1. So, in nm, how far is label D188 from label C215 when the simple model puts each one 7 Å beyond its Cα toward the Cβ?
2. To two decimal places, what compactness ratio does segment 68-193 give when its Cα radius of gyration is scaled by 2.2 N^0.38 Å?
3. Indicate the gyration tensor shape class of segment 442-521 (rounded, prolate or oblate), computed on the Cα atoms with a ≥ b ≥ c the square roots of the eigenvalues: a/c under 1.5 is rounded; otherwise a/b larger than b/c is prolate and the rest oblate.
4. Once R0 is set to 25 Å, what does the formula 1/(1 + (r/R0)^6) return for the Cβ-Cβ distance between R125 and R153, expressed as a FRET efficiency to the nearest 0.05?
5. Taking only the alpha-carbon positions of segment 375-456 and ignoring solvent, what does the Debye formula give for the base-10 log of I(q)/I(0) at q = 0.19, 0.22 Å⁻¹?
6. Send over a whole-number figure in Å² for the accessible area per residue of segment 442-521, probe 1.4 Å.
7. Take the alpha carbon gyration tensor of the chain, find the square roots of its eigenvalues, order them as a ≥ b ≥ c, and report rounded if a/c is under 1.5; if not, report prolate when a/b exceeds b/c, else oblate.
8. Working with all protein chains in place, sort K273, K214, K88 by solvent-accessible area computed with a 1.4 Å probe, largest first.
Amino acid sequence: MNIKTYTLIISDDPLFSGRIRRVLSKNEISIEWRTLVFSNSESNEEKDFKLDKLFELILKIKKVNIVVFFDFEKKEEFCLDLIKIFNKYQGAQYILQICFFGEENPKTDLEAALAAGAHMVEYKRPDLDDIVTNIQYLKNSEFNFLPEYATSRGYDTVLWPRFFCKIKHIDPQNILATTTFDKLNPSDEWIKRFIPQIGDGKAMVSNSESLEKKCRWIEDINTLKFEYSENELLTGDFLNISSVEKDAVDTFTYKLAKRVSPSEFEEVQKKTKKIFSKMVDTRVRVMVIDKRVKLLQKNHETEKQKANLFSYPFLSMKHEDQISCRPHIIALQWDQLTILDENSNELSLNDDQKIHSIESYIKKLLNEDTVLIIFGLHDIDIKKISKTQLNVPFDITSDFLNKIISVYEKKIEHNPLRVEEVLGIEEIKNFEVDPLLKLEFPIIIEKLNEHRLTFSSPMKISDKTVIKFSTPCVFYLLVLDKLADKDFYGGLIMGVDELEKSLLRREVNRLLRIPIEAENEQDKLKFVNLNSAELIKRQKETLKKNKKDVVDKLKDEQ
């Protein structure tokens, strides 16, 4: 059965929107996909809908394949917020989220999108057909075609990439991070390939890092280099693995200890606690539930909210994420209100049932002083379920909400958000602490081309793991079980521009030359040895002849 595919393009760029649309309409894989462009820009002639309709449409077509293209080039913060909203709901992982960037976007923008839940990141480049193939490869388990490229063996080349993981706890001593890779457990065979024996022909291949670094790592594999954006929270260059626990089928928790000398330990603790003590948010926290996410759009255009705004298109009865923001004010747009069950399915409810659901939601999980504002009632009369409820006939607006927030600040004493001894999941989200931690592990390349990489690893790796490489350029790898080959992992290369793609091709060519260069070196050695032997032989003969001449001359003189 051929399930219909919708591609939703979120972009204000008419050239990019049009180019994507043409590529999809001409490629044999995507020729029957339905493409829709969402934009608030009047200059985007490709636009089918305003952004107001995005989540409404997604809810209607959720039973089909959905691919969303986010254009980050000029609206990176807005697109990032949209991706975060997508991934707050169960089932969002089945919506493929592909992010496109302009040449001016730094790699940190790509990494933020991946950390927020995006499946792939790419630069806007002339050739986009391989992206269509990647999408089909990701969304269709039966699709196994991938284009052929010049491919080289790795010849046991070792690289030191950094694996993405997500911080969920920071205290003065330790970090807890969710990973998609198990504990380190390199096999004997892997170690032999990692450090070839002296005299082994493979040892002639020059790896990307020194033998000294490899030996240091083997001696202490639980000491890891790391990369993290917020240096004050994680100082130093290394973390020590204290333990690894399995959470679910494909995820694990790494407990990592900050590596500091005994003399520095107390100072680091004091410094971390001081940073925590300064993390205070006195803003009023407002949760807005509106299918059109109007305030989120306004907030990224001209009307910056003075409150801490948490925007949701739907009210979810699963509610863990929504409750964790601990809102002071909940604003609902009644005529756009959609309530989802715990599996993210839309509930068909009348007005009384909606009110009952909201009442249950508030009474069980929120503070009784939480202010509830129901907008867009028009002529509908609904009962009050809270002593701090306000029924409003007109639609939600920034101006009106700001007035309510001002009154709230003056008349109601509200507790600010603080960090005590620990940064947990809630604090990391509410204080917008960067959750992305990258841990360095060595891998051994098995095969490489400009599109894919196959490698062996010192630990087990789960499907959809993201890895950052820095050699021969910065690129990212999406590990896929479909690309695994016996004992080797495989992944799709992403996040490279045209220049970086040419560097990858050059690296492939360098690897292809390794056996030729090794053979040439052997030939040179044989040639030198052969010629050296011949030269020595001739020199001996010359010396022998010269000696004979001298002896004969002496005899004649006598």
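1. If labels sit at D188 and C215, their model points lie 2.2 nm apart.
2. On the way: Rg = 18.1 Å, N = 126, 2.2 N^0.38 = 13.8 Å.
Relative to the rule-of-thumb radius for its length, segment 68-193 sits at 1.31.
3. Values: a/c = 2.31, a/b = 1.31, b/c = 1.76.
It comes out oblate by the Cα gyration axes.
4. Approximately 0.35, to the nearest 0.05.
5. The calculated log intensity ratios at q = 0.19, 0.22 Å⁻¹ are -1.08, -1.09.
6. Numbers: 3250 Å² over 80 residues.
Per-residue value: 41 Å².
7. Numbers: a/c = 3.15, a/b = 2.04, b/c = 1.55.
Taking the square roots of the gyration eigenvalues as a ≥ b ≥ c, the chain is prolate.
8. Numbers: K273 95, K214 5, K88 65 Å².
Result of the area sort, largest leading: K273, K88, K214.
The values are calculated or read from the model by the stated rules, or taken from the named source; none is laboratory data. None of the values given here were measured: they were computed from a predicted structure. Glycine also receives a Cβ, built like all others from the backbone with ideal geometry; neighbour counts cover every protein chain displayed. Heavy atoms of the whole protein, side chains included, go into the accessibility calculation; ligands, DNA and RNA do not. Shrake-Rupley method; radii C 1.70, N 1.55, O 1.52, S 1.80 Å.
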